[in-house]
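Below is one structure, written out as structure tokens, with a few remarks after it.
Derivation of every value follows stated rules applied to the coordinates shown; laboratory data play no part. Just so it is clear, the structure is predicted and the values come from calculations on it, not from any experiment. Every residue, glycine among them, receives a Cβ derived from its backbone with ideal geometry; neighbour counts consider all protein chains shown.
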Amino acid sequence: MPVLDTVPSPARSRRSASPATRPPRAGLRARVSANRWSYVYLLPLLALLLTFVVYPIFGSLVYTFYRWNGIGDPTDFVGLDNFRQIMVDSIFWDSVAHTFVYALVVVPVQLVIALALALVLNNRKLRFSAFYRTLFFLPVVTSPAVVGVVIQLMLSNFGETLNGWLLDAHVIDTPVDWLGSPRIAMGIIIAVGVWQTLGYNLVYFLAGLQTIPEEVNEAAKIDGAGRIRAFVHITVPMLRPVGLMIVILAFIGSFQVFDIVQVLTGGGPYFGTEVVNTYIYHLAFGGNEAAATQPNVGLASAASFFYGVLLIGFSVVQVLIFRSLAKRRAAGRA
């Protein structure tokens with residue numbers, strides 16, 4: 001009668017080992033040592049981040065307690081007076097309102113257009129798709145200051161401009177002061193913002209669409225789902241995680257608008273297009289087209305920090321809303 005081998009093999013022992021008897025995971029030091037070259041490659045970026053982002057943020061915090069024109073050392077200590085002045089300044093709150101209007105209009109319009117273009121450009125049967133992608137991304141790599149100067153010249157009242165073309169076509173009877181009306185000027189800034197930064201979101205959506213397996217779309221076609229149904233029940237749910245990041249990044253980028261406004265209108269006319277970044281710039285370096293003011297770096301630093309707190313609060317609310325919607329969808333599926 002054969003004798004049974006009661007000694008377990010190494011492979012069988014590894015399979016039958018309980019989680020409690022498994023060796024512990026490598027510690028933090030071992031993981032850092034194993035990935036040391038990855039951290040070495042990140043050191044230049046970390047050094048630049050600390051030097052040009054983190055240090056200036058905490059360094060400028062000191063200036064919020066002084067009235068200082070940027071020359072010499074700050075000596076006029078005012079405490080929290082700069083923050084009080086910002087909180088009661090109607091121009092600051094108007095600039096905050098203009099910034100939020102810009103973001104709340106630009107982001108939805110831009111995302112809809114970018115998603116529609118991404119769906120078209122993601123079609124493998126489309127010829128010259130690489131050319132079209134480059135064409136739509138080209139405004140992104142163009143300097144906003146150059147774009148602003150060109151558009152300002154196009155909207156001026158001399159030479160071959162938009163007014164001249166419209167007058168020749170008998171669309172208008174008298175020249176329009178495009179940048180002289182706050183509403184028209186803000187509309188132009190929003191339109192330019194949508195056009196210039198559209199390429200970012202287009203690339204993001206294209207990357208998200210390319211992560212969707214082609215087999216899923218083919219299976220939907222076999223089951224008889226049309227394009228609209230496949231888009232609603234397949235594309236949108238699978239794009240949701242990427243779409244969340246795109247929305248957050250789009251809002252962050254929109255809240256940083258500065259170049260176009262500064263070049264086109266300088267915050268005018270009469271603070272009608274002033275956004276927070278131009279408001280801070282004018283406080284720090286003095287004056288704009290609507291009013292001449294003396295430079296006050298301390299007041300500008302206080303406005304910057306106060307606006308940062310507002311953006312943090314808005315970001316927290318945004319994340320909470322997205323989490324609430326995700327929980328509702330999960331509960332509905334259950």
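Per-structure values
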read-out: Amide H contacts of TYR66 (H built 1.01 Å from N, under 5 Å, at least 5 apart or other chain); value: VAL78
read-out: Cα radius of gyration and Dmax for the range 127-223 (Å); value: 20.0, 61
read-out: Karplus 3J(HN,Hα) series, Hz, for the range 219-230 with 6.51 cos²θ - 1.76 cosθ + 1.60 (x for Gly, Pro); value: 5, 5, 5, 5, 6, x, 6, x, 5, 5, 5, 5
read-out: Gain on full stretching of the segment that runs from LEU80 to THR142 - 0.36 nm per residue minus C-alpha separation; value: 18.3 nm
read-out: On Cα atoms only, tilt of 144-154 relative to the major axis of the chain in degrees; value: 40
read-out: Tilt relative to the chain, helix 36-49 - C-alpha long axis, 0 to 90 degrees, to 10; value: 10
read-out: For the range 178-325, diffusion coefficient by Stokes-Einstein and Kirkwood Rh (Cα), 25 °C, 0.890 mPa s, µm²/s; value: 133
read-out: The chain, helix-only ellipticity at 222 nm - DSSP H runs n ≥ 4, -39,500 (n - 2.57), divided by all residues, nearest 500; value: -20500 deg cm²/dmol
read-out: Percent of Cα-Cα distances greater than 16 Å, calculated over the range 294-333; value: 56
read-out: Under the Debye formula (equal points on every Cα, no solvent term), log10 I(q)/I(0) of the chain at q = 0.08 Å⁻¹; value: -0.61
read-out: FRET efficiency, 1/(1 + (r/R0)^6) with R0 35 Å, evaluated for LEU166 and PHE128 via beta carbons; value: 0.60
read-out: 3J(HN,Hα) from dihedral phi, the range 82-89, Karplus parametrisation 6.51/-1.76/1.60, rounded to Hz, x for glycine, proline; value: 4, 5, 5, 5, 5, 5, 9, 7
read-out: Ranked by how many other beta carbons lie within 10 Å on average, peptides 251-259, 270-278, 321-329 from highest; value: 270-278, 251-259, 321-329
read-out: Long-range amide H partners of GLY286 with built H, under 5 Å; value: ASN296
read-out: Per-residue ³J(HN,Hα) for the range 163-175, Karplus 6.51 cos²θ - 1.76 cosθ + 1.60, θ = phi - 60°, Hz, x for Gly and Pro; value: 4, x, 5, 5, 5, 5, 8, 6, 7, 10, 9, 10, x
read-out: Rg/Rg_ref, the range 99-182, where Rg_ref = 2.2 N^0.38 Å and atoms are Cα; value: 1.48
